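Asker: Sending over a structure as structure tokens; questions will come in a sec.
Where a number appears in this text, it was derived from the coordinates with a stated rule and is not lab data. On a predicted model such as this, the values are computed, not experimentally measured, just so you know. All Cβ positions, even for glycine, are placed from backbone atoms using ideal geometry, and neighbour counts span all protein chains on display.
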Amino acid sequence: MRKKYTLNALPFLSALFLLLVLASCSKKENNTKPAPVTATPTELGLYEADSAQYRELIVAITQVGTQSVDDGLVFDTGSGGMVLDASGTVPPAMITTSGFNFTGDSTVVNGITITNQTSTLEYGADSATTTTVYGNLAYAPVTVGDQNGSFVIKRLPFCLYYKAVDATGQTLPAHYFDTFGVNCEYIYFSPGNNYITSPFSYYDPGTGLTRGFKLAALGTTNFSEEGTYVPSVVTIGLTSSDVSSSSGYIMHQANFYAGDGYVPIFPTTVTYNGTKDTTYALFDTGTSGYNYVEDTNAIADLTELTTGSTVTIATQAGFNYAFTVGAEQNLTYIENPGKTGGEFTIFGIDFFVNNQYLENFSNNQIGLKNN
């Protein structure tokens, strides 16, 4: 679920220990401190849902502040920051179509701090698919996961929204657009220019681990219409092996853009049916149903590739991947961004069926790896 950007230009510890030897008049004493024990990464299961063409990853949220909830959010590598509908988390009388009903800089209700800092967010592949979300900066302890396994982020900043509107101007139902955006870009709020980013970046994974996560290749066997719970899809906290050059991940640097933070789009050459074009690409679990390949030379606004068409991907950093358009999977549009309002190429959730994904928040890098 790609957040729409306003980009001006797209530019082409190891553990230490201290040995103390103290001398006295009668003996030498060795006070060597034991090396700290590296923590074990936290594993999180996701629900894998499928309605034939439209696959989706869902992460459970079971408590926000002191309020128990039963909510499933889209697990989204295409955006950063948790975006949660206020319905069911705060009293209905506080929620209006024009904002939250309280006075002052902030208020606390059900253990959730709601501030007067606001943001208007736009998500979508192009002008025809844009959803606009209106919300406020909020803080609360949040339980991520459910009875199958969970952990608590003790003070998570997130966007608590009171309204979401689709491209036609229709207000969406409550919780329709709840999103768990895990990438390293920012959602800014005003006044104050405060921002939020991936919920995982606020979680301390423990001694010896790097803040970040990796997503296993999904395969196709676990997706179901009801949503099948699959354990250990996400691993939170990166080991030294994960971030080493021998891990097999091809690392890509997310560049910083004012107003957007660290945006995970990378120079990529895409070849489809013999046509080659260089674009910027986003790898996005939140986009389902179709890939969107931007081609400034495309004659039509939007053209769907025929079944059997081949597409190859080669990032500037050296990651390579190819797929064939099927009858229901790997469906791909070629679109002219000058005519549709698209900004860059998007490879949706089908990409993650056969590839692994990693984010390192310490240096804002994204790793891609063939399964």
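Asker: Around Leu160, under 14 Å between beta carbons, what's the net of Lys plus Arg minus Asp minus Glu among the other residues?
Answerer: -2
Asker: Distance between the C-alpha centers of segment 120-134 and segment 253-308? Whole Å please.
Answerer: 17
Asker: What is the sum of charges, Lys and Arg at +1 and Asp and Glu at -1, for the other residues whose Cβ falls under 12 Å from the Cβ of Thr42?
Answerer: 0
Asker: Here's something else I'd like to know. With a 10 Å Cβ neighbour count serving as the proxy for reagent exposure, in which order, fewest first, do Lys154, Lys214 appear?
Answerer: Ranking Lys154, Lys214 by Cβ neighbours within 10 Å, fewest first, gives Lys154, Lys214.
Asker: What is the antiparallel percent of DSSP beta bridges lying wholly in the chain, to the nearest 5?
Answerer: Percent antiparallel among DSSP bridges in the chain is about 85.
Asker: As a check on your grasp of the helix formula, calculate [θ] at 222 nm for the chain: sum -39500 (n - 2.57) over DSSP H runs of n ≥ 4, divide by the residue count, round to the nearest 500.
Answerer: Taken over the chain, the calculation gives 0 deg cm²/dmol.
Asker: Using the Karplus curve 6.51 cos²θ - 1.76 cosθ + 1.60 with θ = phi - 60°, work out ³J(HN,Hα) for each residue of segment 246-252 in order, rounded to whole Hz, and write x for Gly and Pro.
Answerer: So the Karplus estimates, Gly and Pro as x, are 8, 6, x, 7, 8, 8, 10 Hz.
Asker: Using the basic label-point model (7 angstrom from Cα toward the beta carbon), what is the Ala39 to Gln329 distance in nanometres?
Answerer: It works out to 3.5 nm between the two label points.
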